[in-house]
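Here the structure comes first, spelled out in structure tokens, and everything after it is commentary.
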Amino acid sequence: MRSKGLIHADTEVLVPFFDIDMMNVVWHGHYIKYLEIARCTLLDQLGHNYTQMQASGYAWPVIDLQLRYVRAAVFGQRLNVRASLVEWENRLKINYLITDAVTAERLTRATTIQVAVEISSREMQLASPKIFIDAVLRALP
């Protein structure tokens with residue numbers, strides 16, 4: 001069973017014309033952009049976004065990405081993209097759910113995994129930095 005996470009953020013995306021392919025649906029690669037928009041909203045909510053991550057001396061590259069397409073999104077469709085934090089102590093794992101903003105019909109599920117990398121040494125960390133864990137703990141309900 002997929003974890004819903006303890007902290008989540010919702011973002012609305014209006015599908016622009018330039019995201020549509022010749023089949024008149026959103027090209028599959030653009031969904032990753034929608035995930036990034038929701039992830040940035042979640043990190044802002046945590047009070048530890050990419051700017052703050054970099055200032056703390058860590059980069060957080062995506063090392064794994066999984067997508068499951070259920071139904072294609074189309075031009076002009078309003079989407080709700082929910083990012084849910086499910087792991088943070090050793091890695092950053094976020095589950096996503098993309099739904100139609102009007103009908104709530106599920107369109108796509110996804111998961112990303114990121115790890116902390118010390119910028120100065122370029123070494124991957126085996127545990128999340130304390131500054132990040134503290135930010136998550138402050139945001140927990």
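Computed from the coordinates by the stated procedures, all read-outs in this text should not be read as laboratory data. Bear in mind that the values here come from a model prediction, so they are computed numbers and not experimental data. Here the Cβ positions follow ideal geometry from the backbone for every residue, glycine too, while neighbour counts run over all protein chains shown.
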- Most mobile listed residue (Leu107, Leu126, Leu43) in the chain, GNM with C-alpha springs under 10 Å: Leu126
- Query: Which of the GluC sites (Glu not before Pro) across region 45-141 are loop residues per DSSP, with 15 or fewer other Cβ within 10 Å?
  - Reply: Glu89, Glu105
- Item | Binned Cα-Cα distance frequencies in the chain - 10 Å width, integer % | 12, 41, 30, 15, 2
- Enumerate by residue number the trypsin sites (Lys or Arg not before Pro) in region 56-141 meeting two conditions: DSSP loop (anything except H, G, I, E, B), and at most 16 other Cβ atoms within 10 Å of the site's Cβ. Arg71, Arg122
- Message: What aspartates and glutamates does Lys4 reach when the alpha-carbon gap must be under 15 Å and sequence neighbours fewer than 8 apart in one chain are set aside?
- Response: Glu87
- Message: To make sure I understand the rule: partners must be aspartates and glutamates, Cα under 18 Å from the Cα of Lys33, and not fewer than 8 residues away in the same chain. Which ones qualify?
- Response: Asp10, Glu12, Asp19, Asp21, Asp44, Asp64, Asp100
- Gaussian network model of the chain, springs between alpha carbon atoms under 10 Å - residue of Gln114, Gln45, Gln66 with greatest fluctuation: Gln66
- Quick one: net charge of Leu140's neighbours, Cβ under 13 Å, K/R +1, D/E -1? -1
